[in-house]
């Protein structure tokens, strides 16, 4: 189960036809299941935040959700990694990004 700092940390800032990805993050497993059914996915998966809070997303795992999200998106996504923490961030545009004063490393198309 991936570790996340907060709800807004989950691949924030990315907007597509499917909406912003953080619109698919829920504090309730039931709400995530409702969304999964609404968008045609079976099951849900969880993430733990840095403060040990459990958040839920549609799809049996993050890969299944990302595959659905990409299929319903019209823009390219670009993956960046924090070299100090290993955290991965997705942005809708290529560029230079920083988190906590650390320049993120471009890792390719997400």
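The values are calculated or read from the model by the stated rules, or taken from the named source; none is laboratory data. This structure is a prediction, so every number in the text was calculated from the model and none was measured. Note that we place each Cβ from the backbone using ideal geometry, even for glycine, and neighbour counts take in every protein chain shown.
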Residue in the range 87-95 that is touching a helix residue (DSSP H, G or I) at 6+ places or on another chain (Cβ under 6 Å), in a loop (DSSP other than H, G, I, E, B) and surrounded by 18 or more Cβ atoms within 10 Å (Cβ to Cβ) present: no
Cross-chain or 6+ apart pairs with Cβ under 6 Å, the range 82-93 first and closer than 9 Å to residue 104 by Cα, then part of a loop (DSSP other than H, G, I, E, B) and at pLDDT 95 or above: 82/104
Which numbered condition residue 53 fails, given (1) modelled with pLDDT of 90 or more; (2) closer than 22 Å to residue 38 by Cα: (2)
